[in-house]
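Working notes for the structure below.
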């Protein structure tokens, strides 16, 4: 464990420098999707084999890399392929998912499941900068304490490797709840805010959060801005917004609102590149890829205009106090 004053971990700081833009923003494309990515490649996903899936991801990574500060990839189809193919430039950061999950919790007793034969040490050896955990959580579920302990354990294990941990809390309906009803939607917004506060207090390094609101109306946008500000006021780590596969126009609005409230960027996938993956004729695919690049550039400009940069820096006496001469003698020993 690091023993530096003020809990400053230079390893984690270096990792965050690699996944942010030079001016301190998270402009991250998520491509760690599994079966839902394969379903886009062919109407019959059973025909989409391992090689085709990997090649499709490599192609997207190569095309979109100039507009990204980092990619979020999975071990099965993305990480080694992106590196070995040189589709991922050395100047672009790398996040990796540790879970073996999808976005469709089937019961109220769902527990986090990690990818088999894959872990933090392998991430670190591969050069991954940040570990990401998809985390289904309801504080009123039977497995809430189990889920909290998952975070506590992962926080400790990541600290031992100076590997930053970003957690992606997902609010989901319990048995008997109807997510289409207005009371559930209101509870979901409050739940997203409260869960962000709770998981931040557990010692994670960064949050990837669902958008706490609905932007179909002017009133909805106003309420969402207020919810994002309440979320921001209760966390002490950088946070970014996820897309959850919503239409791009709605996601663009969500990014602007979240960044105005204190977010430091976005970490998004399908809302950006869904059409590029699902279009199969060469001419149409070229146009769809160009549109994905345009979307990333537009989101990057919105982020830089409205977001809070994450670029901690020490100088002078503060730097010397944090890292006195021979600071490394007791670091991780």
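The values are calculated or read from the model by the stated rules, or taken from the named source; none is laboratory data. As the structure is a computational prediction, the values presented were derived from the model and not from experiment. Here the Cβ positions follow ideal geometry from the backbone for every residue, glycine too, while neighbour counts run over all protein chains shown.
Quick check: anything in the stretch 135-156 touching a helix residue (DSSP H, G or I) at 6+ places or on another chain (Cβ under 9 Å) and part of a strand (DSSP E or B)? There is at least one residue in the stretch 135-156 that is touching a helix residue (DSSP H, G or I) at 6+ places or on another chain (Cβ under 9 Å) and part of a strand (DSSP E or B). You will find that of 21, 15, the residue that is surrounded by 17 or more Cβ atoms within 10 Å (Cβ to Cβ), assigned to a loop (DSSP other than H, G, I, E, B) and touching a strand residue (DSSP E or B) at 6+ places or on another chain (Cβ under 9 Å) is 21 and no other.
Within the stretch 281-293, the only residue that satisfies the criterion of being modelled with pLDDT under 95 and either within 17 Å of residue 31 (Cα to Cα) or in contact with a helix residue (DSSP H, G or I) (Cβ under 8 Å, 6 or more places away or on another chain) (or both) is 285. Just one of the numbered conditions (1) out of contact with any helix residue (DSSP H, G or I) (no Cβ under 7 Å at 6 or more places or on another chain); (2) part of a helix (DSSP H, G or I); (3) within 19 Å of residue 95 (Cβ to Cβ) is not true of residue 199: (1).
Residues in the stretch 249-277 that are surrounded by fewer than 21 Cβ atoms within 10 Å (Cβ to Cβ) and within 16 Å of residue 64 (Cα to Cα) were compared, and the one that is farthest from the chain's Cα centre (by Cα) is 275.
With respect to being surrounded by fewer than 20 Cβ atoms within 10 Å (Cβ to Cβ) and assigned to a loop (DSSP other than H, G, I, E, B), residue 162 fits the description.
Please enumerate the residues belonging to the stretch 41-58 that are in contact (Cβ under 8 Å) with a residue 40 or more places away in the chain and either closer than 21 Å to residue 84 by Cα or loosely packed, with under 11 Cβ neighbours inside 10 Å (or both). Of everything in the stretch 41-58, just one residue is in contact (Cβ under 8 Å) with a residue 40 or more places away in the chain and either closer than 21 Å to residue 84 by Cα or loosely packed, with under 11 Cβ neighbours inside 10 Å (or both), namely 56. Across the stretch 116-134, the qualifying residues are those that are touching a helix residue (DSSP H, G or I) at 6+ places or on another chain (Cβ under 7 Å) and part of a helix (DSSP H, G or I), and the one among them that is farthest from residue 9 (Cα to Cα) is 126.
Is there a residue being in a helix (DSSP H, G or I), over 20 Å from residue 25 (Cβ atoms) and without any contact (Cβ under 8 Å) to a residue 40 or more places away in the chain anywhere in the stretch 261-278? Taking every residue of the stretch 261-278 in turn, at least one turns out to be in a helix (DSSP H, G or I), over 20 Å from residue 25 (Cβ atoms) and without any contact (Cβ under 8 Å) to a residue 40 or more places away in the chain. Scanning the stretch 232-247 for residues that are part of a helix (DSSP H, G or I) and either within 17 Å of the chain's Cα centre (by Cα) or at pLDDT below 95 (or both) yields a count of 1.
Right, residue 296: touching a helix residue (DSSP H, G or I) at 6+ places or on another chain (Cβ under 9 Å) and part of a helix (DSSP H, G or I) or not? Considered against the rule, which asks whether it is touching a helix residue (DSSP H, G or I) at 6+ places or on another chain (Cβ under 9 Å) and part of a helix (DSSP H, G or I), residue 296 comes out as yes.
Each row is one residue, and each column tells you yes or no for (1) farther than 19 Å from residue 19 by Cα; (2) surrounded by fewer than 13 Cβ atoms within 10 Å (Cβ to Cβ); (3) touching a strand residue (DSSP E or B) at 6+ places or on another chain (Cβ under 7 Å).
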| residue | (1), (2), (3) |
| --- | --- |
| 65 | no, no, no |
| 87 | no, no, no |
| 91 | no, yes, no |
| 96 | no, no, yes |
| 99 | yes, no, yes |
| 122 | no, no, no |
| 140 | yes, yes, no |
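Consider residue 229 carefully, then state whether it is surrounded by fewer than 23 Cβ atoms within 10 Å (Cβ to Cβ), at pLDDT 95 or above, out of contact with any strand residue (DSSP E or B) (no Cβ under 7 Å at 6 or more places or on another chain) and under 27 Å from residue 185 (Cα atoms). For residue 229, the condition - surrounded by fewer than 23 Cβ atoms within 10 Å (Cβ to Cβ), at pLDDT 95 or above, out of contact with any strand residue (DSSP E or B) (no Cβ under 7 Å at 6 or more places or on another chain) and under 27 Å from residue 185 (Cα atoms) - is met. Any residue at all in the stretch 304-317 that is buried (at least 19 other Cβ atoms within 10 Å of the Cβ), touching a strand residue (DSSP E or B) at 6+ places or on another chain (Cβ under 8 Å) and closer than 16 Å to residue 59 by Cα? No, that holds for no residue. All of 189, 209, 199 fail the test of being within 15 Å of residue 148 (Cβ to Cβ) and buried (at least 21 other Cβ atoms within 10 Å of the Cβ), apart from 199.
Under the condition of being touching a helix residue (DSSP H, G or I) at 6+ places or on another chain (Cβ under 7 Å), in a loop (DSSP other than H, G, I, E, B) and farther than 12 Å from residue 31 by Cα, the residues counted in the stretch 69-87 number 3.
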